[in-house]
Amino acid sequence: MVDGISKSSSCSRLNLDIVRNYSQNNIIPNVDVNVSEIPLEKCLDGWTYSNEIYQSTIVTEWDLVCDNKYKLPLSTSINYIGVLVGACISSQLSDRYGRRPALFLMMILQTVAITAQIFSPNWEIFCFLFFFVGAGEFSNYIIAFVLGTEILSPKSRVIFCSMGVFMSSAMGYLAMPAVAYFLRDWRMLLIPMAASGLIYVPIWWLVPESPRWLLSRGRVEEAEAILIGAAKSNNVEPPKAIFTQAEIDDTMSRKDKQYNFSVIVSSCNMFSITVLCSMLWIVVTIGYYGLVLNTSNLNGDPFLNCFLSGLVQLPAYIIALLLLQYCSRHLCQSSTLFFGGVMILCVHIIPTDSEIVPVLLEILGRFGITSAFCVVYTFSSELFPTVIRSTAMGCCSMAARIGTIISPFIIYLGQYNKSLPYILMGGFALCGALLCFLLPETFGKPLPETMAQMQLICRGRRKKAKEDENGESATDYQNKESRL
């Protein structure tokens, strides 16, 4: 019985040997024998799948149905575990060996893993490779975000963080259902996904290393060369001395210091900010991926639904750009989470007989959460210093995987109570809207280079003590930021 309607099972059948015996003895079903009493057996001869929408998927190729149905969500979980491990390793590589080497290493890993997936002989090999796809795909996303944040000026940084990173991601998301509409075999669909890795090749000659990272590692001449080249490209006369001798001496004195996860734990201020940012990332991720996963529950063409769910992201990123340019980070983060949370809560709380109103409210909720997703990246990157920024962002990304793993189960709760997923996602979003006010404000302030330059959550400490620890005044720090 499915929704009160009697339907044939897709996972079991009547025992064929018994049915053949009854047939040979001319026994009439439901007259001479009760059919419901005939024992069942598994579908030993395989399954026949509909080709109405897809020609081939991993489900149809490896029979991930019935007793093997759990393998489909497990495949996604393995990919998310890869994202978790990749974020941990790549953040360390990025802070130790540079943004560019780590970025291209993760790009190569992603491209090679997707290419190898095309030739997967079985589900186990597919999942093994899917782990490395996850490790590469999200890691290069985080590293590229950090690299762009450190290279660009404050005004350009905001545009890059919203339009450059997230808008490009949205365009790729919109292209996916269009390509999948014409390539309905999963192996064929992986070919253009793997080929897109060729776009990365020219970036090696176009994108320089982060001058902030080079300076933090004592490679002053390389940092100066990049800054002079950038000035010439913008028709700006660079100063004769990019960095003062005092700044160079300060940099050389701490260039050999290694920064890793232990630094985050050892500093109370750094640990507090990292925990609060991680909680924000979890809240945003639960709402974002929860609504993404719920797209499959909508009626209609799956390709069109996927396209429309991506289309709503475009205006969301534009709004995020405007907010980031003109408003404080507290206002940006709280307003987007508050709007998204209220819209999600209203989906099933507002009584209505219309089928359009809940869908519209859910779209508006995703609009707000998508904007919040964009803001939390920018907000977090501005809080952490250059020497540990990639590692700290990696911690936030790893924490976000908790939200990614939880979100499918939150949607699953809708089978028991349709309102419950929306109450949980909306409630978490409203909590996040309040949580962000515990973080320091970063709007209009220079990016911190060292641990001492981080803003303090506890504002009771004296500013002079911070300057003494840092070795430079706020004015000197602002001047260095201007030159960078």
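The values are calculated or read from the model by the stated rules, or taken from the named source; none is laboratory data. Computed from a prediction, not measured in an experiment: that's the story for all the values here. A quick note on method: Cβ atoms are made from the backbone with ideal geometry, for glycine too, and the neighbour counts reach across all protein chains shown. Note: areas computed on protein heavy atoms with side chains; ligands, DNA, RNA excluded. Shrake-Rupley method; radii C 1.70, N 1.55, O 1.52, S 1.80 Å.
For segment 101-250, the solvent-accessible area with a 1.4 angstrom probe is 50 square angstrom per residue.
Full extension of the chain between residue 74 and residue 19 yields a length gain of 16.1 nm, computed as 0.36 nm times the residue separation minus the alpha carbon distance. Over the C-alpha trace of segment 294-403, radius of gyration and Dmax come out as 16.3, 55 angstrom.
One Cα centroid belongs to segment 302-319, the other to segment 201-253; the line between them spans 39 Å. By the gyration tensor of its Cα atoms, with a ≥ b ≥ c the square roots of the eigenvalues, what is the shape of segment 84-138: rounded for a/c under 1.5, prolate for a/b over b/c, or oblate? Cα axes put segment 84-138 in the prolate bin. Averaged over residues, the count of other Cβ atoms within 10 Å places the peptides 230-239, 421-430, 61-70, 311-320 in the sequence 421-430, 311-320, 61-70, 230-239, highest first. For segment 152-201, the direction-averaged projected area of the alpha-carbon convex hull comes to 4.0 nm². Packing around the peptides 101-110, 165-174, 394-403, taken as the average count of other Cβ atoms within 10 Å per residue, puts them in this order, highest first: 394-403, 101-110, 165-174. Each other residue within a Cβ distance under 15 Å of residue 313 adds +1 if Lys or Arg and -1 if Asp or Glu, for a net charge of 0.
Counting only protein heavy atoms and a 1.4 Å probe, segment 273-392 has 36 square angstrom of accessible area per residue.
With Cα atoms as the point set, the radius of gyration and Dmax of segment 56-191 evaluate to 17.0, 55 Å.
When the alpha carbon gyration tensor of segment 264-352 is reduced to an equivalent ellipsoid, its three semi-axes come out at 30, 17, 15 angstrom, largest first.
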